[in-house]
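Structure first, commentary second.
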Amino acid sequence: MFELVNSYIDSLALFLAILFIQGMSFRKIRQYRPNWFQNGNRRFFLSILIGVYYGLAGIYFIYEGAYENNPVIYTNMRILILMVTGVFAGRTPLIVAYVVMLFGRISFDIASPVTSRYVILMTLIFAACLLITFWKKQRFSKFVALIILNF
């Protein structure tokens, strides 16, 4: 029981650290290069960069879930990564993060039946996150809707 709680705390702390590092990085970029958020090419580059960042974080959670004793906790964190990317970053980073996570999982074990189930699960979650990005609601409402859909 203690191992379950310990792995949950570890994965939650890592998830919050990932969010913190991204937030601080973008704060520094906004402070020293504010025109990067208005320029179309640089803004697109930042979107791709944030998608790769969250995709690599998702790959870490995939790896930990596949090779640790508590795959459920790490699975929930990689789903949360897609949800946060979709709600707070937008469509382009969501698509990039999904593709990076998908290729990362396929590269671990391509012939496993678990991989095909993973692809189906992640595609459904990705589709739900992508549909939510088209909503004209507040971010909190989108996030609550995604949490309800993932139960």
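So, of the residues in the range 14-25 that are without any contact (Cβ under 8 Å) to a residue 24 or more places away in the chain and not aliphatic (A, V, I, L, M), which turns out to be farthest from Phe45 (Cα to Cα)?
So, considering only residues that are without any contact (Cβ under 8 Å) to a residue 24 or more places away in the chain and not aliphatic (A, V, I, L, M), the one farthest from Phe45 (Cα to Cα) is Phe20.
Does the range 106-151 hold any residues that are under 17 Å from Gly55 (Cα atoms) and outside any helix (DSSP H, G or I), and which are they?
Hits for the range 106-151: nothing passes.
Pairs, please: C-beta under 7 Å, at least 6 apart or cross-chain, first residue among the polar types (S, T, N, Q) and in the range 50-69, second in a helix (DSSP H, G or I) and modelled with pLDDT under 90?
Asn69/Glu3
What residue, among those in the range 101-116 that are closer than 15 Å to Leu82 by Cα and not hydrophobic (A, V, I, L, M, F, W, C), is modelled with the lowest pLDDT?
Only one residue tops the list, namely Arg105.
So, in the range 1-46, exactly how many residues are among the polar types (S, T, N, Q), farther than 16 Å from Ile81 by Cβ and assigned to a helix (DSSP H, G or I)?
Number of matching residues: 6.
Only one residue in Ser47, Ser25 is surrounded by 12 or more Cβ atoms within 10 Å (Cβ to Cβ), among the small types (Gly, Ala, Ser) and under 22 Å from Leu102 (Cα atoms). Which one?
On the way: Ser25 fails: under 22 Å from Leu102 (Cα atoms).
Within the list Ser47, Ser25, the selection yields Ser47.
How do the pairs read when you match residues in the range 105-133 that are among the acidic types (Asp, Glu) with residues anywhere that are part of a helix (DSSP H, G or I), using Cβ under 7 Å and keeping only pairs 6 or more apart or on different chains?
Qualifying pairs under 7 Å: Asp109/Thr115.
Could you please find all residues in the range 4-24 being closer than 23 Å to Leu49 by Cα and not small (Gly, Ala, Ser)? Break it down stepwise before answering.
First, pick out the residues of the range 4-24 that are closer than 23 Å to Leu49 by Cα: 11-24.
Scanning the range 4-24 gives Leu12, Leu14, Phe15, Leu16, Ile18, Leu19, Phe20, Ile21, Gln22, Met24.
Just the residues that are more than 21 Å from the chain's Cα centre (by Cα) and of a type in the set (S, T, N, Q), please, taken from the range 22-50.
Gln31, Asn35, Gln38, Asn39, Asn41
Residues of the range 50-66 being of a type in the set (Val, Ile, Thr) and surrounded by 20 or more Cβ atoms within 10 Å (Cβ to Cβ), which ones?
Of everything in the range 50-66, those that are of a type in the set (Val, Ile, Thr) and surrounded by 20 or more Cβ atoms within 10 Å (Cβ to Cβ) turn out to be Ile50, Ile59, Ile62.
Within the set of pairs 6+ apart or on separate chains, which have a first residue in the range 27-48 that is among the polar types (S, T, N, Q), a second that is at pLDDT 85 or above and surrounded by 12 or more Cβ atoms within 10 Å (Cβ to Cβ), and C-beta atoms under 6 Å apart?
Listed pairs, sorted by first residue: Ser47/Thr92; Ser47/Pro93.
Can you find, within the range 1-22, the residue that is modelled with the highest pLDDT among those that are under 14 Å from Glu64 (Cβ atoms) and surrounded by fewer than 11 Cβ atoms within 10 Å (Cβ to Cβ)?
Checking each candidate, the answer is Ala13.
The values are calculated or read from the model by the stated rules, or taken from the named source; none is laboratory data. Please read all numbers here as calculations on a predicted model, not as lab measurements. A quick note on method: Cβ atoms are made from the backbone with ideal geometry, for glycine too, and the neighbour counts reach across all protein chains shown.
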